[in-house]
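A quick write-up on the structure given underneath.
Taken together, the values in this text are just the output of simple stated rules run on the coordinates, not laboratory data. Everything numeric here is computed off the predicted structure, so don't read it as measured data. Cβ: placed from backbone, ideal geometry, glycine included. Neighbour counts: every protein chain shown.
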There are 2 protein chains.
Amino acid sequence: MERDTRVVLLGAGNVATHLGRAFTRSGCSVLQVYSRTISSAKNLAARLDCAFTDRTDSIKTDADLYVIAVPDDAIADLAARFPLKDKMLVHTSGTAGMHDLQVGSTRYGVLYPLQTFSKTVDVDFSQVPLFLEVARTKDRGFLDAVARRISKKVFWASDDQRRQLHLAAVFACNFVNHMYAVAEDILEEKGLPFDLLHPLVQETARKAMAAGPSEMQTGPARRYDLGVLETHARMLAAKPEYRKMYNFISKNIRERYTC
Amino acid sequence: MERDTRVVLLGAGNVATHLGRAFTRSGCSVLQVYSRTISSAKNLAARLDCAFTDRTDSIKTDADLYVIAVPDDAIADLAARFPLKDKMLVHTSGTAGMHDLQVGSTRYGVLYPLQTFSKTVDVDFSQVPLFLEVARTKDRGFLDAVARRISKKVFWASDDQRRQLHLAAVFACNFVNHMYAVAEDILEEKGLPFDLLHPLVQETARKAMAAGPSEMQTGPARRYDLGVLETHARMLAAKPEYRKMYNFISKNIRERYTC
C-alpha cells in the first residue's frame, strides 16, 4: 500500500486553514504547521491535530509537499529561509510569480485555489478550482495527483493566466462583496435589514452564471434613466465617496453598453 | 364564489412581463396589456393570452387593478392620460413617488418588486419581496390581498424607504453584475471562460448572506497588500477606466475598514 502524502503548511491564515482541512479530509497527513506567529501555528495545529513551530529551522524534513500560504510580500523571504532544497515547495498565491520560490528549493510550483476563504465559514473544497504550475516537468504528475485528492476542478495555468484570474476574482468577489457592504450601509440608514436584498443577491448571481453578466445588465445606468440617476446622486449627498462611486460605475456601465 | 381579481398591465417590459406571468399563475385574470409600442403590447398579450392596445382611451374599464410598469420618466405622463379616475392604479417603481399617480386616479398606490428581471429568465415570483404603499387607508386590504396572491414576501414601505431600497439594490445587483462583467472582460483577454469564476461568485453571495458582507470582506485592498494592488494597477494599464475603478474601489474598501 502506498503511504499517504505528507504535507507541511507554511502559514496559518484563511488559505492555510481551508487547505489544511481539505488535506486532512482527503486522507493526506498534515504533519506540521509553521507560522512566525506561534499562537496562529498552535491554533491551526490544534484543529488539524498535528505539530507546530515558529522556527524555519524546525520544519519537519520528512514531508512530501511544503505549502506556503502567507501574504504575497512575505513569500520570497520565507522561501529564502526554507531549509530543504530538494523538497517540493509550492505557494498558493494568484499574483506572486512561481519563480519567487527558486531561492527555496530546486523543486517548486504553484497551487492556487480560486476561492474566497474565511476561517469561520466552511467550504466544499472539492468544488474549488485549483490552478497548478511546476518548474520541472517531472513534478507535474505528483502535484496533479495531490491536487486531485482535494478538488475535482484541477487546471494548469501559467503565471500570466493565474495573475489574470486573480485580478478578475478581485472584481467578481472582493469588489462584489464591497457593493453588498455599501448596500447594507445604505439600508441601515433607514433601519432596513440586508436580508431584504437576499433574493436579489441570489438572483443576480444566478442570472450572471446562467447567461453571462453582459447579457444580464439591468438598472438605471443601463437604461440611462437620467431621473433616477440624479435622484440617487442627491440621496448620496451626505456620503460623497459613495456618490462618487455611484456616478463612476454608472458612467462606466453606460459607456460599456453604448460603444 | 368570489370572482378573480382582474388586472390590466400598462407597460410591456421586463417588470410587466414577470408581473403578468405571476398574476396569471396565481389565478388572477390579466385582461389587457397596454403599451405605446403596439408590437410590445401584442407580444406580451400573446404570452398572457389576453387583449392588447396602444391607446389609453381603449383601456378596458372593468378591471380591479391597473398596474403601471414603464420607465420612471414616463409614469406621470401615462397617469395623466389614464381615463378611469375611480380605479385602483399602482406603479412598480422603486424611485418614483406614490403621488406621481395623483393625476391619474383618486385611488392609487405602489407595488414595488425588489428583483432583477430579464424577459428571457424565469423567476420564482413567490420569493420576490413586494413593497406596498397606498394613498387611502381603505385600499390597503385590497392591495395587500392581491400582493399576497403572487408573493410570500409582502411588506409596507414609505416612498422614502422604497427609494432607499432601490438605491441599495443598484449597488447589490446592477453594480455587482457590472463587476462580474468586468471580470469576464479581464478573463476574455487571456481566453479564459467566466465559468472558472462560478464557484467564487456563488460562495461570495452565500457568505455575504450568511454572515453579512462587512464581516466577509477579503482581498488585497482589505489586507492592504500593496504589492498586489500595484501589480493589478499595472495589469490594467491598457484599460484606464477599469484601472481607475480598481483604484477607487480599493481605496474605498481600505478606508471603510481602517476608520
Reduced Cα scattering model of region A:38-118, Debye log10 I(q)/I(0), q = 0.11, 0.15, 0.19, 0.25 Å⁻¹: -0.29, -0.55, -0.89, -1.34
Relative contact order computed over region B:14-172 (Cα-Cα under 8 Å; 6+ residues apart), in percent: 18 percent
By average C-beta atoms within 10 angstrom, highest first, the peptides A:205-216, A:43-54, A:233-244, B:63-74: B:63-74, A:205-216, A:43-54, A:233-244
Spatially proximal lysines relative to B:LYS251 (Cα-Cα < 22 Å; intrachain offsets below 8 disregarded): A:LYS239, A:LYS244, A:LYS251, B:LYS239
Compactness of region A:1-80 as Cα Rg over 2.2 N^0.38 Å, two decimals: 1.01
Residue-averaged [θ]222 nm for chain B, counting only DSSP H segments that reach four residues, each worth -39500 (n - 2.57): -13500 deg cm²/dmol
Calculated label separations, A:ASP49, copies of the chain, 7 Å along the beta-carbon direction, nm: 6.2
28 Å Cα-Cα reach of B:LYS138 towards lysines, excluding residues that sit fewer than 8 places from it in its own chain: A:LYS190, B:LYS60, B:LYS85, B:LYS87, B:LYS152, B:LYS153
Rounded to whole Å, sorted largest first: equivalent-ellipsoid semi-axes of region A:82-199, Cα gyration tensor: 37, 15, 12
Highest-MSF residue in chain B out of B:ILE38, B:ILE75, B:ILE249 [GNM, Cα springs under 10 Å]: B:ILE249
Relative contact order computed over region A:184-259 (Cα-Cα under 8 Å; 6+ residues apart), in percent: 20 percent
C-alpha long axis of helix A:226-235 to longest principal axis of chain A, angle in °: 70 degrees
Phi-based couplings in Hz for region B:18-34 (Karplus 6.51, -1.76, 1.60; Gly and Pro marked x): 6, 5, x, 4, 5, 4, 4, 5, 7, x, 6, 9, 8, 7, 6, 10, 9
Hits among aspartates and glutamates - C-alpha to C-alpha of B:LYS207 under 20 Å, sequence gap 8 or more where chains match: A:ASP122, A:ASP124, A:GLU184, A:ASP185, A:GLU188, A:ASP195, A:GLU203, B:ASP195, B:GLU215
Using alpha carbons only: equivalent-ellipsoid semi-axes of region B:6-157, gyration tensor based, whole Å: 19, 19, 14
In sequence order, calculated HN-Hα J values of region A:187-192 (Karplus, 6.51, -1.76, 1.60; Hz; x Gly/Pro): 5, 4, 3, 10, x, 9
For region B:6-157, share of DSSP beta bridges that run antiparallel, in % to the nearest 5: 20 percent
Cα centroid separation - region B:214-230 against region B:20-65, whole Å: 50 Å
More than 30 Å apart - percent of Cα-Cα pairs taken over chain A: 41 percent
Shielding of B:109-119 by partner chains, average beta-carbon count, 10 Å: 3
log10 of Debye I(q)/I(0), alpha-carbon scatterers only, for region A:163-258 at 0.21, 0.25 Å⁻¹: -1.41, -1.55
Amide H partners (placed H, <5 Å) of A:VAL154, local residues excluded: A:LEU130
Cα-based helix-to-principal-axis angle, B:140-150 vs chain B, degrees rounded to 10: 60 degrees
